[in-house]
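The values are calculated or read from the model by the stated rules, or taken from the named source; none is laboratory data. All values reported here derive from a predicted model rather than from experimental measurement. Glycine also receives a Cβ, built like all others from the backbone with ideal geometry; neighbour counts cover every protein chain displayed. Areas reflect the complete protein model, heavy atoms only, side chains present, ligands, DNA and RNA absent. Shrake-Rupley method; radii C 1.70, N 1.55, O 1.52, S 1.80 Å.
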Protein chains: 2
Amino acid sequence: MNASPRRKELTRLAAQLFVQEGFDKTTVRMLAQEMGIKSGSLFHHFKDKQEILAAVIEEGTHNALRIARRALEYSPTDPEARLRTMARAHLETLFTDRNAHVVALFEWRRLDDEAKAHLSHLRDAYEALWVEVIDAALEAGLIHGDRFLVSRFVLGALNWTVRWYDPAGPRTPDDLADELVGMIIPAKR
Amino acid sequence: MNASPRRKELTRLAAQLFVQEGFDKTTVRMLAQEMGIKSGSLFHHFKDKQEILAAVIEEGTHNALRIARRALEYSPTDPEARLRTMARAHLETLFTDRNAHVVALFEWRRLDDEAKAHLSHLRDAYEALWVEVIDAALEAGLIHGDRFLVSRFVLGALNWTVRWYDPAGPRTPDDLADELVGMIIPAKR
DNA sequence: CTCTTACACTAGCGCTTGCTTGGTTACTCA
DNA sequence: TGAGTAACCAAGCAAGCGCTAGTGTAAGAG
């Protein structure tokens with residue numbers, strides 16, 4: 001709700017700590033120290049610890065949606081290019097905003113029901129983009145299989161990259177995206 | 001180390017709770033109650049909470065390795081069949097021993113360094129099976145791409161199934177496995 | 001009939017947790 | 001100049017945490 005610049009910065013720091021330590025192991029005292037304030041002052045910005053988590057996830061998902069929409073807007077319209085665009089956008093988002101997304105992926109269950117209900121709308125909107133692109137690729141005969149399963153598998157493969165991919169290595173996120181797309185569409189070289 | 005039947009049963013119950021609540025949120029009192037004993041008695045079976053986690057993960061990974069090896073043993077030897085066999089074995093393990101594997105996948109970071117070192121050998125042995133099968137498929141020209149990336153993508157897609165797959169639904173784990181293999185090898189229907 | 005072993009219990013210690021309270025400081029704007 | 005407000009702090013409470021110490025009991029081994 002509130003979006004003061006101070007709160008945004010605190011959210012960014014919280015995301016980092018949540019990734020490093022996990023939500024449960026991150027204490028309000030650790031959060032406060034990282035932010036350069038005392039633990040009590042934290043509750044001036046956030047109603048409770050839960051709300052910090054929700055803020056982190058909301059911020060991340062919001063960005064992902066924005067980046068993907070913009071990327072599709074400027075993408076060529078043929079199904080293969082759009083598939084590649086979505087894969088690239090997904091990984092771009094995943095690694096520029098890494099902390100927030102890792103939290104969204106692995107600490108989702110820690111949200112209370114209210115926050116989950118609110119945030120799952122955002123997430124569904126994002127997944128809808130994927131389903132749309134994959135449907136087009138299926139109809140064009142570019143890939144084959146069940147639309148539901150294909151999108152789950154692709155998203156799974158992409159999301160799992162946060163567990164092993166090292167941005168400092170020789171491969172760029174775009175390399176990964178292209179490799180994945182190349183893997184699921186029949187070769188034509 | 002120790003493997004009394006009592007301890008094995010306790011490990012199974014612990015896995016269930018760890019999945020339900022997460023490792024950090026699961027208290028020794030909750031564990032004890034689920035086991036029908038008092039919290040103090042728990043430490044007769046396990047040195048500390050960490051050791052329970054390690055026992056859960058060890059048990060699961062051990063089973064996965066056993067099942068995969070046995071499946072490969074009885075599999076036809078052509079690369080496509082072996083790929084399908086590994087995918088099926090992976091999902092079979094993932095869903096018969098679901099709790100243990102979810103814990104292994106998502107609570108790994110909670111292990112102390114010593115346990116990590118010990119258990120990562122087991123995990124590496126399992127991944128080696130995958131690399132071997134995927135190498136054969138690449139050499140046979142069945143799939144294309146980088147061996148490292150392909151195996152990461154495939155494992156990612158498979159592991160991610162625990163986040164969305166409902167065993168009570170219409171699809172069997174074998175269906176999923178076949179669909180995934182069908183997705184990455186060029187169609188020939 | 002004793003000794004050992006496995007398993008469980010009661011009681012609680014020492015510490016950390018999320019969060020509250022009551023007050024202070026610095027800045028903005030009429 | 002004075003009122004209002006956003007940001008912070010010091011102090012600490014109540015609850016819950018992992019784990020320990022010491023004891024009891026029943027079953028099997030010698």
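Calculate how steeply helix A:173-184 sits against the longest principal axis of the alpha-carbon atoms of chain A, using the helix alpha-carbon long axis, and give the answer as 0 to 90 degrees to the nearest 10.
Helix A:173-184 sits at roughly 40 degrees to that axis.
Quote the FRET efficiency, to the nearest 0.05, computed for B:Ala125 versus B:Glu21 with a Förster distance R0 of 35 Å and r equal to the Cβ-Cβ distance. Walk me through the intermediate numbers first.
On the way: r = 30 Å, r/R0 = 0.85.
That gives a FRET efficiency of 0.70.
What is the pair-distance distribution P(r) of the protein assembly as shown, computed from all Cα-Cα distances in 20 Å bins starting at 0, with each bin given as a whole percent?
Spelled out per bin, shortest first, that is 25, 56, 18, 0.
Exactly which GluC sites (Glu not before Pro) in the range A:129-189 are in a DSSP loop and have at most 13 other Cβ atoms within 10 Å?
Values: sites: A:Glu132, A:Glu139, A:Glu179; in loops: none.
Nothing satisfies the criteria.
Would you tally the net charge around B:Ala117, using a Cβ to Cβ cut-off of less than 13 Å, leaving B:Ala117 out, and scoring K and R as +1, D and E as -1?
Taking every Cβ under 13 Å from that of B:Ala117, the sum is -3.
Holding the Cα-Cα limit at 32 Å, pick out from B:Lys8/B:Lys116; A:Lys8/A:Lys116; A:Lys8/B:Lys116 the pairs that are longer than that.
Pairs exceeding the cut-off: A:Lys8/B:Lys116.
Setting aside same-chain residues fewer than 8 positions from B:Lys47, which aspartates and glutamates have a Cα under 15 Å from its Cα?
Those aspartates and glutamates meeting the cut-off are B:Asp112, B:Glu114.
What full-extension length gain, to one decimal in nm, is calculated for A:Glu73 and A:Asp178 as 0.36 nm per residue of separation minus the Cα-Cα distance?
35.9 nm
Out of every Cα-Cα pair in chain B, what percent are more than 22 Å apart?
51 percent
For the protein assembly as shown, with only Lys/Arg (+1) and Asp/Glu (-1) charged at the beta-carbon, what is the dipole magnitude about the Cα centre, in debye rounded to 20? Please report the intermediate quantities before stating the final value.
Details: 52 positive and 56 negative charges, 157 e Å.
In total the dipole reaches around 760 debye.
Can you return the aspartates and glutamates within cross-link range of B:Lys25? Criterion is Cα-Cα under 12 Å, with same-chain partners fewer than 8 residues away left out.
Here the aspartates and glutamates satisfying the reach criterion relative to B:Lys25 are A:Asp24, B:Glu107.
Any idea of B:Leu142's accessible area? Nearest 10 Å², probe 1.4 Å.
Approximately 40 Å² for this residue.
Let me check I've understood the local charge: for B:Leu42, count other residues with C-beta under 10 angstrom from its C-beta, Lys and Arg +1, Asp and Glu -1. What total comes out?
On the way: positive: B:Arg29, B:Lys38, B:Lys49; negative: B:Asp48.
Residues close to B:Leu42 contribute a combined charge of +2.
Excluding A:Phe106 itself, what net charge comes from residues whose Cβ is under 13 Å from its Cβ, given Lys and Arg +1 and Asp and Glu -1?
With Lys, Arg at +1 and Asp, Glu at -1, the neighbours total +3.
Counting each DSSP H run of 4 or more residues in chain A as -39500 (n - 2.57), what helix-only mean residue ellipticity at 222 nm follows after dividing by all residues, to the nearest 500 deg cm²/dmol?
Helix contribution divided over all residues of chain A: -23000 deg cm²/dmol.
With only Lys, Arg, Asp and Glu charged, each at its Cβ (+1 for the first two, -1 for the last two), find how big the charge dipole of the range A:1-149 is about the Cα centre; round to the nearest 20 debye.
660 debye
What percent of all Cα-Cα pairs in the range A:5-103 falls in each 10 Å bin, counting up from 0?
Over the range A:5-103, the share of Cα pairs per 10 Å bin runs 16, 40, 23, 15, 6, 1 percent.
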